[in-house]
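Let me begin by presenting the structure, written as structure tokens, before commenting on it.
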Amino acid sequence: MTIDINRVGIIGAGQMGSGIAQVCAAAGLDVRLNDREADRIEAGLGAIEASLAKLVTKGSLEEAASRSARERIQPARSFADLGDCDLVIEAATENEAVKREIFSTLCASLKPDAVLATNTSSISITRLAAATDRPERFIGIHFMNPVPVMQLVELIRGIATEDQTYEAAKAFIGKLGKTSTMSEDFPAFIVNRILLPMINEAIYTLYEGVGSVESIDTAMRLGANHPMGPLQLADFIGLDTCLSVMQVLYDGLADSKYRPCPLLVKYVEAGWLGRKTKRGFYDYRGPTPVPTR
């Protein structure tokens, strides 16, 4: 039996959730956007409108297509409003306890055949699935940030994920015009298993005084042909997210090479989380970013 996905629910109206909502609506799917705070739903809808407007200005989207995409996205004030969704994607904060609580509460509101997914970038799909009433219909669908721009989506099967759930998720990603890659359910999957230790090593390079913020980022941009330096990228991702992924790797694989750099921990303790708080490895409060070390 094939699973048709026409209506998608999204839990979490932040940068990732609103980005997922936008690409789903642009692909012709009906979307229900939920967040525990009503003002965050409104902020998410505003961000989507601004993003669509930018695409129209650049000439990459017709005005009519932008308008119809926005009309396909409706606010979902409670989990009950997600009851008619074929697929619900959780895109809440990267915290396992928060995600498990969402799933255990959410399931009672869903139709029995609805597929459940998480946008986690590192947490065990098998463990999260165990918090639901449908582990066989649970899968990891990890979008890259920023969602409207990035082509790749990681699909991660938990130990109980059935073939038809995986095939439905793969078809869904194809409908969005994106490319999927399949990862086994090991800590941080493929992209972050490789990317975050590189960022962590760049922070160690800064911590040990090998190079400044500017010299490290310049070296990797021009020496390795990376589009942005690792410290700039860390600020873009969010230093709290970088730390949580490194902790998942360190706890899950028990290898000292994944130990989070103490300087990363210090920045997070200071609340300097990158672009979203206006300070991280760069200070974003002025007209141009200035290195903080």
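The values are calculated or read from the model by the stated rules, or taken from the named source; none is laboratory data. Everything numeric here is computed off the predicted structure, so don't read it as measured data. We place every Cβ from the backbone using ideal geometry, glycine too, and count neighbours over all the protein chains shown.
Quick check: is even one residue across the range 231-248 at pLDDT below 95, small (Gly, Ala, Ser) and under 30 Å from residue 5 (Cα atoms)? No, the range 231-248 contains no residue that is at pLDDT below 95, small (Gly, Ala, Ser) and under 30 Å from residue 5 (Cα atoms). If you go through the range 151-167 and keep only what is crowded, with 20+ Cβ neighbours inside 10 Å and among the polar types (S, T, N, Q), you end up with 161, 165.
Residues in the range 237-283 that are without any contact (Cβ under 8 Å) to a residue 40 or more places away in the chain, aromatic (Phe, Trp, Tyr) and touching a helix residue (DSSP H, G or I) at 6+ places or on another chain (Cβ under 6 Å): 250, 267. Hey, does the range 70-77 have a residue that's assigned by TED's automatic domain parsing to the domain that holds residue 15, of a type outside the set (Val, Ile, Thr), surrounded by 19 or more Cβ atoms within 10 Å (Cβ to Cβ) and at pLDDT below 95? So far as the range 70-77 goes, no, none of its residues is assigned by TED's automatic domain parsing to the domain that holds residue 15, of a type outside the set (Val, Ile, Thr), surrounded by 19 or more Cβ atoms within 10 Å (Cβ to Cβ) and at pLDDT below 95. For the residues 57, 118, the requirement of being farther than 14 Å from residue 32 by Cβ and crowded, with 16+ Cβ neighbours inside 10 Å singles out 118. In the range 3-22, the residues that are over 25 Å from residue 136 (Cα atoms) and touching a residue at least 24 places away in the same chain (Cβ under 8 Å) form Cβ pairs under 6 Å with partners that are aliphatic (A, V, I, L, M) and in a helix (DSSP H, G or I), at six or more places apart or across chains, as follows: 13/41; 18/47; 18/48; 22/48. Quick check on residue 260: is it part of a loop (DSSP other than H, G, I, E, B), of a type outside the set (A, V, I, L, M, F, W, C), under 20 Å from the mean Cα position of the chain (by Cα) and assigned by TED's automatic domain parsing to the domain that holds residue 274? No: the conditions fail for residue 260. Where strands (runs of 3 or more DSSP E) sit wholly within the range 93-174, none has at least 1 residues that are within 21 Å of residue 16 (Cβ to Cβ), touching a residue at least 12 places away in the same chain (Cβ under 8 Å) and not assigned by TED's automatic domain parsing to the domain that holds residue 55.
Being within 24 Å of residue 175 (Cβ to Cβ) and surrounded by fewer than 18 Cβ atoms within 10 Å (Cβ to Cβ) is a condition met by at least one residue of the range 94-111.
Checking residue 187 against (1) in contact (Cβ under 8 Å) with a residue 12 or more places away in the chain; (2) exposed (fewer than 14 other Cβ atoms within 10 Å of the Cβ); (3) part of a loop (DSSP other than H, G, I, E, B): exactly one of these is not met. Which one? Failed condition: (2).
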